[in-house]
Amino acid sequence: MARKKKQNEGRIEDARFSEHAMTDQEVKKESEQTSRQQGAQMDLIDVSPENIKAIVAEAKRYKVAQQQRIQFGNKEAESKQKILALLHDAKLQRLDDGKIRFQHDGLNITVTPRDEKVTVKMEDDEE
């Protein structure tokens, strides 16, 4: 009889759960509500400095300068590759240290081997 009682109690518990059982739609709706509550953005406190306009203006100038530097860096790299290609096509004789050096029209041009480093100096440039 004890077993039957436990089985009956189990059925009663199962019946209680089935009364409170949720459909898939109800579960989905409840989880959406919970996630909205948990993920809700709290109001931000305005803690910006008094000179925020000056900071933003300078940040914008910085960004423009950064973009220009990147552009000029790309142009510099392209020019370096063109110089190297032209010098290799000229088949100039390397010096004992492996470098290619020559002067022309006020320019001193040096190509260092291994890294293919190109140095171009004007006669007016300070060292």
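The values are calculated or read from the model by the stated rules, or taken from the named source; none is laboratory data. The structure displayed is predicted, hence computed values, not measured ones. Neighbour counts are summed over all protein chains in view; Cβ atoms, including those assigned to glycine, are modelled from backbone coordinates with ideal geometry.
Screening the candidates LYS80, LYS121 for the property of being assigned to a helix (DSSP H, G or I), in contact with a strand residue (DSSP E or B) (Cβ under 8 Å, 6 or more places away or on another chain) and of a type outside the set (A, V, I, L, M) yields one hit, LYS80. The residue list GLN71, GLN38, GLN67 contains one member that is polar (S, T, N, Q), assigned to a helix (DSSP H, G or I) and modelled with pLDDT under 90, which is GLN38.
Quick grid of which residues meet (1) without any contact (Cβ under 8 Å) to a residue 24 or more places away in the chain; (2) surrounded by 10 or more Cβ atoms within 10 Å (Cβ to Cβ):
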position	(1), (2)
LYS91	yes, no
ASP97	yes, no
GLN103	yes, yes
ILE109	no, yes
VAL120	no, yes
